[in-house]
RNA sequence: CGGGGCGUAGCUUAGCCCGGUAGAGCGCCUGCUUCGGGAGCAGGAGGUCGGAGGUUCAAAUCCUCUCGCCCCGACCA
């Protein structure tokens, strides 16, 4: 029986994560090192993420397109910082059709180069701007060490790419999309994030500025869950992306790019998972409610299955959420006892379970069990649909609150010594809000000594109001308040 | 790529030191009884012991090489 339980988070967080991902059938290892198969349970979550984000992108004026997987190798070399960042992890195709290629092709690690080279063809006038585009795609980065969802050789993501006439417009776009990510992560994933600016050492290769969403996992390490870049004119200059302005001058365009990936599924697991398994916030759950009918005799079996289907129809037919119908599954499998089904659905993280047995039928009620709190409660059949919808809404809200409380409980906002900092980082881990003198050498030294990095210079609302005025390491006056943590 | 660990049935593994017919638990299939928190009994299927080579009368076991996975480091938008 003990082999049915997951390794606990406390015993071995890393083993817990791997077991959960495999056993909840989110993903599996592929025959190729470092690659993964995303199974229906995992892909279903990704589809929910895609739909929500895609709607948000459309609402902010973006349109989808698709650019090719293969990029001429020379393109990567046109932006100096970019090639330095990506060349080491590029997969390169040298042969095709049985012949050696004239020019090797890089499998895209990201698409700035190919996209801005195309934008250059399409833009002549300021009237052609802005271009607001997005693509859903796979990318390949030849990583040394891989983890399911968190770092694999190939992963799925979206990458938004825009071109603007002015710096300020591009800056506003980059910040707007950071806000979209934040909204998505909080309101859909129930995963609170700290948003802010990356330091030069941590920014995207080729960007002017990088903003990120940083989430805290249950081992108190940070996960960079999304990034948004103001690329300045770096790529426009490299790919000759120019336009004639209103006043007649020729100018380079200003670009942004922004992306989130299937890595967020890893973030979801490490934010909400518990020792029983996954917990999916209702808005992201492909199945929000699973109905488990309970019967003894054949006669009861047909009555209960029928009642379960009727309950499902009541729930899915309810229009109180508009087009967003309650997503319900009836577990009608035979030969498996109800208890076994409970464990299985809990492992998979279905937000709400409804148990329906002969006693409930007699009472015109059913038993609900929340996955997040594991609290059970009887609900009358009368008005069941709005009550279930309300419960799902509550679960969604409570999961965000719980995650936020956990994050703040493991954040350090008071002034501490560097020795204490090391003790914390090397011990239980934390987000440490501290002063920084702005010197990259200090950042490098801390990384070297503790493996902690500056996750971001947080936006004002995340900062400690009367934050430390002095640098954590040198004691000099601080240039910025920053968040230190170890990261994935 | 460096250090460590591990590859035996779908999963978890025993056997390996000390060579001699490959075992168990879970899962799976069939039947009966069960069914409100991981069911019981009976019967059954399933293995080129990661791969290649070597030593030997005989290799899961000893030797060499190789591939993969996990952990720690280095690296990492």
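A few comments on the model shown:
- Which numbered condition residue A:382 fails, given (1) in contact (Cβ under 8 Å) with a residue 12 or more places away in the chain; (2) in contact with a strand residue (DSSP E or B) (Cβ under 8 Å, 6 or more places away or on another chain): (2)
- Residue count for segment A:65-85 under the criterion of being assigned to a loop (DSSP other than H, G, I, E, B) and out of contact with any helix residue (DSSP H, G or I) (no Cβ under 6 Å at 6 or more places or on another chain): the result is 4.
- Taking segment A:176-224 as the range and being assigned to a helix (DSSP H, G or I) and out of contact with any strand residue (DSSP E or B) (no Cβ under 7 Å at 6 or more places or on another chain) as the test, the residues that pass are A:176, A:179, A:180, A:183, A:184, A:186, A:187.
- Residue within segment A:275-282 that is under 22 Å from residue A:131 (Cβ atoms) and either in contact with a strand residue (DSSP E or B) (Cβ under 6 Å, 6 or more places away or on another chain) or within 11 Å of RNA strand B (Cβ to nearest atom) (or both) present: no
- Scanning segment A:1-50 for residues that are part of a loop (DSSP other than H, G, I, E, B), near RNA strand B (Cβ under 8 Å from one of its atoms) and within 19 Å of the chain's Cα centre (by Cα) yields a single hit, A:35.
- Condition met for residue A:53 (touching a strand residue (DSSP E or B) at 6+ places or on another chain (Cβ under 8 Å) and within 13 Å of RNA strand B (Cβ to nearest atom)): no
- Taking segment A:310-360 as the range and being within 23 Å of residue A:4 (Cβ to Cβ), within 25 Å of the chain's Cα centre (by Cα) and away from RNA strand B (no atom under 11 Å from the Cβ) as the test, the residues that pass are A:349, A:350, A:351, A:352.
- Positions within segment A:428-452 being in contact (Cβ under 8 Å) with a residue 40 or more places away in the chain, within 17 Å of residue A:410 (Cβ to Cβ) and touching a strand residue (DSSP E or B) at 6+ places or on another chain (Cβ under 8 Å), in sequence order: A:429, A:430, A:431, A:432, A:433, A:434
- Filtered residue count, segment A:124-145, keeping only those that are within 25 Å of residue A:169 (Cβ to Cβ) and outside any strand (DSSP E or B): 6
- Residues being touching a residue at least 40 places away in the same chain (Cβ under 8 Å) and in a loop (DSSP other than H, G, I, E, B) - total across segment A:286-337: 12
- Residue A:55 being over 24 Å from residue A:349 (Cα atoms), free of Cβ contacts under 8 Å to residues at least 12 places away in the same chain and within 24 Å of the chain's Cα centre (by Cα): yes
- Residue count, segment A:161-207 (criterion: closer than 19 Å to residue A:253 by Cα and in contact with a helix residue (DSSP H, G or I) (Cβ under 7 Å, 6 or more places away or on another chain)): 7
Where a number appears in this text, it was derived from the coordinates with a stated rule and is not lab data. Only a predicted model underlies this, so the values are computations on that prediction, with no experimental measurement involved. Quick reminder, even Gly has a Cβ in these numbers, built from the backbone with ideal geometry, and neighbours come from all protein chains shown.
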